[in-house]
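K.L.:
Can you keep this structure in mind? I'll have questions shortly.
The values are calculated or read from the model by the stated rules, or taken from the named source; none is laboratory data. What you are looking at is a predicted structure, and each value in this text was computed from that prediction instead of being measured. Ideal geometry is used to build each Cβ from the backbone, glycine not excepted, and the neighbour counts take in all protein chains shown.
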Amino acid sequence: MNKRIRVTSIFYSIQGEGQHVGVPSLFIRLHGCNLKCSFCDDNLHRGDYTERTFDEIYDSISKYECKRVVITGGEPSLYNLNPFIKYLKKRAYYVCVESNGYSFANIQEADWITYSPKEWYEIEEYGYDELKFIVGRDTDIEKIVSFETDKPIYIQPMNHFDKPDMQSVKRCVDLVLQYPHLRLSVQLHKFLGLK
């Protein structure tokens, strides 16, 4: 039951993206990803990690009053996280997972799933609560604006590793104003200088 999970970091901050922006959250960053995106803002998931049991992770997060967990990466759905998610929910945590959609079956027990597809020619229609697309200065957004769903669609500027790229931010603002069914997600934590 108490399997080990490859963790690169655990930290407490605010959610800077999507529907839950501004909400204090405990972040559990996992090791590994199935993709190598040129714009990835977190190379930490490719480096060192520690294998931690469910109880060891709980010991790290239980010292905070916060009961919201965000499991991110890398790509969390590389692993079957359902037993771990159930473990956290039994301890009254609300569990969010950020995923590129590798395997929704591995994270289906989550309370909230943010889907950030990187291959836009094959966007999944089900298995998540919100969509997040990373948009740069010159990104072709035709597929995004034509995608139909009842889920919120966020566009997020392709920012620098530790700070906003204001040209990408401006483009995303302009796009949201042009296509009002889209929503803006700016990575608030980068504006505030947080993790």
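K.L.:
Would you say Asp174 is touching a strand residue (DSSP E or B) at 6+ places or on another chain (Cβ under 9 Å) and among the acidic types (Asp, Glu)?
P.N.:
no
Results for (1) over 15 Å from Glu17 (Cβ atoms); (2) among the aliphatic types (A, V, I, L, M); (3) part of a helix (DSSP H, G or I); (4) in contact with a strand residue (DSSP E or B) (Cβ under 9 Å, 6 or more places away or on another chain), shown as yes or no for each residue.
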| site | (1), (2), (3), (4) |
| --- | --- |
| Tyr128 | no, no, no, yes |
| Ile134 | no, yes, no, yes |
| Ile144 | yes, yes, yes, yes |
| Asp150 | yes, no, no, no |
| Gln156 | no, no, no, yes |
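K.L.:
Taking the stated definitions as given, is Glu109 more than 18 Å from Ser9 (Cβ to Cβ), touching a helix residue (DSSP H, G or I) at 6+ places or on another chain (Cβ under 6 Å) and of a type in the set (D, E, K, R)?
P.N.:
Against the criterion (more than 18 Å from Ser9 (Cβ to Cβ), touching a helix residue (DSSP H, G or I) at 6+ places or on another chain (Cβ under 6 Å) and of a type in the set (D, E, K, R)), Glu109 qualifies.
K.L.:
Do we find that Tyr154 is modelled with pLDDT of 95 or more, in contact with a Leu (Cβ under 9 Å, 6 or more places away or on another chain), surrounded by 14 or more Cβ atoms within 10 Å (Cβ to Cβ) and closer than 21 Å to Gln167 by Cβ in this structure? Spell out the reasoning first.
P.N.:
Numbers: modelled with pLDDT of 95 or more: yes; in contact with a Leu (Cβ under 9 Å, 6 or more places away or on another chain): yes; surrounded by 14 or more Cβ atoms within 10 Å (Cβ to Cβ): yes; closer than 21 Å to Gln167 by Cβ: yes.
Yes.
K.L.:
Among what's in region 93-114 and is touching a strand residue (DSSP E or B) at 6+ places or on another chain (Cβ under 7 Å) and part of a loop (DSSP other than H, G, I, E, B), pick the residue that is farthest from Glu125 (Cα to Cα).
P.N.:
Of everything passing the filter in region 93-114, Tyr93 is farthest from Glu125 (Cα to Cα).
K.L.:
Okay, moving on. Taking into account only those residues within region 83-112 that are among the aliphatic types (A, V, I, L, M) and out of contact with any Asp or Glu (no Cβ under 6 Å at 6 or more places or on another chain), which is farthest from Lys67 (Cα to Cα)?
P.N.:
Ranking the candidates gives Ala105 first.
K.L.:
Examine region 139-151 for a residue that is aromatic (Phe, Trp, Tyr) and without any contact (Cβ under 8 Å) to a residue 60 or more places away in the chain, and state whether such a residue exists.
P.N.:
Checked region 139-151: at least one residue is aromatic (Phe, Trp, Tyr) and without any contact (Cβ under 8 Å) to a residue 60 or more places away in the chain.
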